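Colleague: Got a structure here, written out as structure tokens. Questions coming.
Bear in mind these aren't lab numbers, they're just calculated from the coordinates by the rules spelled out. Predicted model only: the values in this text are computed from it and were never measured. With ideal geometry, Cβ positions are generated from the backbone for all residues, glycine too; neighbour counts draw on all protein chains shown.
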Amino acid sequence: MATLTTDRRSGEKPGYNIQWIEGKQRRTLHLGGKRYDRKTALRLKDVIERLLYYRWNPDVIPDKMTMHWLQHAPEEIRDKLARAGLIAVDEKKTCKHLWEAFLNHKKDLKPSTIDSYKACQTFFFETFLPTEPIEKITSDRLSEWRTSLLVKNASTSVACYMKVLKTVFNFAVDRDWLAKSPLRKIPTGSFKNKKARRKITLAEYAKLLEACPSQEWRVIIALARIGGLRCPSELQQLRWKDVDWEGNRFLVKSPKTERHEEHSERFVPLFPELRMELERLHTVENEFVIQGFQGTDWIIYPQFQAISESAGLGKIKSPFRNMRRSRSNEVMREHGSQLESLWIGHSEKVMEDHYFELEDEDFVKALG
């Protein structure tokens, strides 16, 4: 049994002592009167008696009411009970614990996805200490962090980081490390970046081809601008056996959409401009269409910019995405949104939000 006594200390409001005997030792838990009233002290006394009973009777299942009270008890009370050896010491989960557990849980994802997670982690630890308990990471601090990111990063990049971080903190909630996510009311931001959009015309495409140092590079640009392929992810897997010369089409395998049912691959027409470039490169000796970059990191952006400079176009922002976007608009206008979705490899909603651009010709056509 535990007993409750009043503890009167000089200059303070009366506090309470809860005492009990363990073996031959008297144990005492003190509650300061400024923070805890007699009602709380009596309830804690009852809880301590229950915990002592469960310790002496290990086969008895603890009652739900006591466990619920402990779960919602102030942290200071839990610390006192832990120091008294009545409950297990809670290991405070730090930011380092959270990120390590999250990345380990996600280790089977694609390397590109893991890279995006780690990029967010790098930015996160530029502001927050690895040793900080995750419950100390407040919404206000995270909102300030997001604002600081917007100073040096594109809004679409910040939206990606916020999406990752929300996934990380939701993981903590799922593990019962947090009662709720501090990010739940902070906006993710928009993934649309119209400032980065640039139409690459067919005339500019012809100039790029003329400036290419090899036929393989001509095919890379043709696959991006005429085929509408994602570069480099969809180029990496394209094999000559995927090209159906008689059927005038080729099979594209898409790492980006493979997690969606029936969207792991698609057939794309061998458009005449593209077929011509592929026929010039075709050889039975190579397995892959783009053989020269196999076994490398596929860092093709700098080489493309050198070609663009040589073609007199200067540097093009997001060149492969903009070539794909330019082709998307052409296919949609000529063949409709349904075929555009099937051939370019995304939903009509994605096309509307991230690819489609109104042009002068649309208004001219509307006026007949």
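Colleague: Based on DSSP H runs of at least 4 residues, each adding -39500 (n - 2.57), what is the mean residue ellipticity at 222 nm of the chain after dividing by all its residues, to the nearest 500 deg cm²/dmol?
Modeller: Numbers: 15 runs with 172 residues, N = 368.
Taken over the chain, the calculation gives -14500 deg cm²/dmol.
Colleague: Let me ask something else. Relative contact order, percent, of segment 228-328 when contacts are C-alpha pairs under 8 Å separated by at least 6 residues?
Modeller: Working: 90 pairs, mean separation 31.6, N = 101.
Dividing the mean separation by the residue count of segment 228-328 yields 31 percent.
Colleague: Separate question: P(r) of segment 128-174 in 10 Å steps, Cα pairs, percent per bin?
Modeller: It works out to 23, 54, 22, 0, in whole percents.
Colleague: In whole Å, what is the distance between the alpha-carbon centres of segment 101-165 and segment 1-71?
Modeller: Centre-to-centre (Cα) distance: 42 Å.
Colleague: Next question, about the same structure. Express the relative contact order of the chain as a whole percentage, based on alpha carbon pairs under 8 Å and six or more residues apart in sequence.
Modeller: 11
Colleague: Oh, and also: Test of understanding: express the Cα radius of gyration of segment 45-129 as a ratio to 2.2 N^0.38 Å, with N the residue count.
Modeller: Details: Rg = 19.6 Å, N = 85, 2.2 N^0.38 = 11.9 Å.
Rg over 2.2 N^0.38 Å, computed on Cα atoms: 1.65.
Colleague: Then there is this: From the phi angles alone, apply the Karplus equation (6.51, -1.76, 1.60; θ = phi - 60°) to segment 302-314 and give each ³J(HN,Hα) in whole Hz, x where the residue is Gly or Pro.
Modeller: x, 5, 4, 5, 5, 5, 4, 4, 5, 7, x, 9, x
Colleague: Using modelled amide H (1.01 Å from N, peptide plane; none on Pro or chain starts), what sits under 5 Å from the amide H of residue 250, excluding residues fewer than 5 places away?
Modeller: Long-range HN contacts for residue 250: 244, 268, 270.
Colleague: Can you tell me the Rg and the Dmax, both Å, for the Cα atoms in segment 1-151?
Modeller: Using the Cα atoms of segment 1-151, the pair Rg, Dmax is 22.0, 65 Å.
Colleague: Taking neighbour counts of Cβ atoms within 10 Å as a proxy for exposure, in what order, fewest first, do 28, 66, 283 appear?
Modeller: Working: 28 11, 66 16, 283 8.
Neighbour counts put them in this order, fewest first: 283, 28, 66.
Colleague: Here is a follow-up. Can you give me the Kirkwood hydrodynamic radius for segment 164-322, using every pair of distinct Cα atoms, in Å to one decimal?
Modeller: Hydrodynamic radius (Kirkwood, Cα pairs) of segment 164-322 is 18.2 Å.
Colleague: Take the Cβ-Cβ distance between residue 276 and residue 107 as r, set R0 to 41 Å, and report the resulting FRET efficiency rounded to the nearest 0.05. Walk me through the numbers before you get to the answer.
Modeller: Values: r = 44 Å, r/R0 = 1.06.
Efficiency computed from Cβ-Cβ geometry: 0.40.
Colleague: While we're looking at this one, here's another question. Enumerate the amide H contacts of residue 87 below 5 Å, restricted to partners 5 or more residues apart or on another chain; note that Pro and chain-start residues carry no placed amide H.
Modeller: When sequence neighbours closer than 5 places are left aside, the close amide H contacts are 82.
Colleague: Find the relative contact order for segment 3-83 and round it to a whole percent, using C-alpha pairs within less than 8 Å whose residues are 6+ positions apart. Can you show the working numbers first?
Modeller: Working: 72 pairs, mean separation 16.0, N = 81.
That works out to 20 percent.
Colleague: Hey, what's the Cα Rg ratio for segment 95-191 versus the globular rule of thumb, 2.2 N^0.38 Å? Write out the running numbers ahead of the final one.
Modeller: Details: Rg = 12.6 Å, N = 97, 2.2 N^0.38 = 12.5 Å.
Relative to the 2.2 N^0.38 Å estimate, segment 95-191 comes out at 1.01.
Colleague: P(r) tail for segment 3-83, what percent of Cα pairs lie past 15 Å? Let's see the in-between values first.
Modeller: Details: 1940 of 3240 pairs.
Pairs farther apart than 15 Å: 60 percent.
Colleague: Mind checking the log10 I(q)/I(0) for the chain at q = 0.07, 0.11, 0.15 Å⁻¹? Debye, one equal scatterer per Cα, no solvent, two decimals.
Modeller: Summing over Cα pairs of the chain leads to -0.53, -0.89, -1.34.
Colleague: Follow-up question, since we're still on this one. Students often get this wrong, so check it: of 39/185; 96/185; 106/185; 118/207; 106/253; 110/317, which have C-alpha atoms separated by over 32 Å? Provide the component values of the computation, followed by the final result.
Modeller: Numbers: 39/185 36 Å; 96/185 23 Å; 106/185 25 Å; 118/207 38 Å; 106/253 23 Å; 110/317 25 Å.
Violating the 32 Å Cα-Cα cut-off are 39/185; 118/207.
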